[in-house]
Amino acid sequence: MAGCFITFEGGEGAGKSTQIERLKNRLERLAQPVLVTREPGGSPHAEEIRAFILGGHAKHLGPFAEALMFAAARIDHLDQTIVPALRSGTHVLCDRFADSTRAYQGSLGNIDKGLIDRLEKVTLQGVKPDLTLILDLPAEIGLARAGARQARKGEGADRFEEEDISFHQSLRQAYLSIAEAEPKRCVVVDANQDLDEVETAIWAALCERLPQMTEHAVRPLDVA
Ligand code: TYD
């Protein structure tokens with residue numbers, strides 16, 4: 001594909017959306033075309049599924065049915081948004097993707113890893129992120145940040161933010177295991193530092209792994 005596909009993963013309050021916005025701005029300053037999207041959601045039908053799941057309506061179906069619903073949303077998101085953008089040469093920055101299903105439904109929901117692998121294979125049809133940035137920080141700090149954000153916005157906790165601290169500690173371990181299993185695709189970023197430092201670490205990861213993105217899209221000689 002002509003564009004690069006970058007996913008952002010991590011627990012609650014890791015600062016994914018702030019860092020996605022910062023990375024988008026940096027890339028646009030280099031004239032790189034960028035699309036920001038998110039999961040669950042990112043296409044009209046997937047957004048409908050998002051409202052259903054995060055409203056807590058899928059919880060009683062159990063983690064595997066929930067994984068199927070995230071996968072259904074992902075199929076539409078890939079077809080309608082991600083693949084067309086990548087084909088046209090636009091880089092895609094996605095807030096959560098298939099690793100969220102691995103971590104939340106697979107590890108925490110105790111779904112057999114082989115089953116999650118097969119579900120992922122049929123869902124993704126060969127589309128894999130070029131780079132996955134896992135924003136890592138202690139669960140207590142992430143939850144405190146997420147709580148403060150909700151209080152500012154006057155929102156309540158969603159389906160997953162209502163889980164207790166041990167859930168979020170296990171979530172962190174699940175992400176670290178994913179990174180360990182796929183070191184070529186994943187980079188763990190220490191998100192327990194100030195925003196500028198996290199941004200710098202993310203940029204360093206891109207420079208190393210995807211140098212074609214960190215240079216100007218149009219070189220001065222091409223313009224002449
Ligand atoms: P969101 O409000 O987007 O949370 P965040 O800011 O933490 O990304 O809600 C998405 C929630 O859905 C989040 O708690 C993680 C969960 N989720 C899964 O459990 N499985 C998945 O496959 C995806 C994409 C998200």
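Looking at the stretch 118-125, can you tell me whether even one residue there is touching a helix residue (DSSP H, G or I) at 6+ places or on another chain (Cβ under 7 Å), open to solvent by 30 Å² or more (accessible area, probe 1.4 Å) and away from the ligand (no atom under 12 Å from the Cβ)? No - not one qualifying residue is present in the stretch 118-125.
The C-beta contact set for the stretch 79-102 (first residue in a loop (DSSP other than H, G, I, E, B), second residue away from the ligand (no atom under 16 Å from the Cβ) and open to solvent by less than 20 Å² (accessible area, probe 1.4 Å), distance under 8 angstrom, 6+ apart or interchain) comprises 88/3; 89/3; 90/3.
Yes or no, residue by residue, for (1) farther than 27 Å from residue 176 by Cα; (2) at pLDDT 95 or above; (3) within 11 Å of the ligand (Cβ to nearest atom):
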{"position": "9", "(1), (2), (3)": "no, yes, yes"}
{"position": "21", "(1), (2), (3)": "no, yes, no"}
{"position": "61", "(1), (2), (3)": "yes, no, no"}
{"position": "70", "(1), (2), (3)": "no, yes, yes"}
{"position": "79", "(1), (2), (3)": "yes, yes, no"}
{"position": "82", "(1), (2), (3)": "no, yes, no"}
{"position": "86", "(1), (2), (3)": "yes, yes, no"}
{"position": "96", "(1), (2), (3)": "no, yes, yes"}
{"position": "103", "(1), (2), (3)": "no, yes, yes"}
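Scanning the stretch 131-151 for residues that are more than 10 Å from the ligand (Cβ to nearest atom), open to solvent by 60 Å² or more (accessible area, probe 1.4 Å) and of a type in the set (D, E, K, R) yields 140, 145. Here the stretch 37-59 is the region considered, the condition is being open to solvent by less than 30 Å² (accessible area, probe 1.4 Å) and in a helix (DSSP H, G or I), and the residue that is farthest from the ligand (Cβ to nearest atom) is 46.
Residues in the stretch 23-39 that are under 15 Å from the mean Cα position of the chain (by Cα) and within 16 Å of residue 200 (Cα to Cα): 23, 24.
Filtering the stretch 177-194 to residues that are surrounded by 15 or more Cβ atoms within 10 Å (Cβ to Cβ) and hydrophobic (A, V, I, L, M, F, W, C) leaves 178, 179, 186, 187, 188, 189, 191.
The values are calculated or read from the model by the stated rules, or taken from the named source; none is laboratory data. These numbers come from a predicted model, not from an experiment. In this analysis, Cβ positions are derived from the backbone assuming ideal geometry, glycine residues included, and neighbour counts consider all displayed protein chains. Heads up: the accessible areas ignore ligands, DNA and RNA and are worked out on the full protein's heavy atoms, side chains in. Shrake-Rupley method; radii C 1.70, N 1.55, O 1.52, S 1.80 Å.
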